[in-house]
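Asks: Right, I'll just put the structure down here and ask away after.
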Amino acid sequence: CRACGHPWPCAEARLLLKAEYDTRQPSLSIYLAGLCYEAMHDLYHLNPHDGPNPRELFERFVAWGPFRRSAGTAPG
């Protein structure tokens, strides 16, 4: 984050995103998944050995979003 120096999306960015997408939660999930994909692509292309693992990136970008469930929960 340019404002606080923490990995984006930081706590403040998450609050702002939730407010911005308040009435469009599916759009927020799609946006976050796209950002996760871009981050994975960039990190593994630029530094494939020292980057975060896919689970860490998922937790950072997607898991906190509006349609989350625990990894052990089956859909349906």
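Asks: Would you mind computing the Rg to Rh ratio of the stretch 24-65 from its alpha-carbon coordinates, Kirkwood style for Rh?
Replies: So for the stretch 24-65, dividing Rg by the Kirkwood Rh gives 1.03.
Asks: For a quick check of your reading of the filter: which trypsin sites (Lys or Arg not before Pro) in the stretch 5-71 sit in a DSSP loop and have no more than 10 other Cβ atoms within 10 Å?
Replies: Here the sparse-neighbourhood loop sites are Arg69.
Any read-out appearing in this document is the output of simple, stated calculations on the displayed coordinates, not a laboratory observation. None of these values were measured; they are calculated from a predicted model. Using ideal geometry, Cβ is built from the backbone for each residue, glycine included, and neighbour counts are taken over all protein chains shown.
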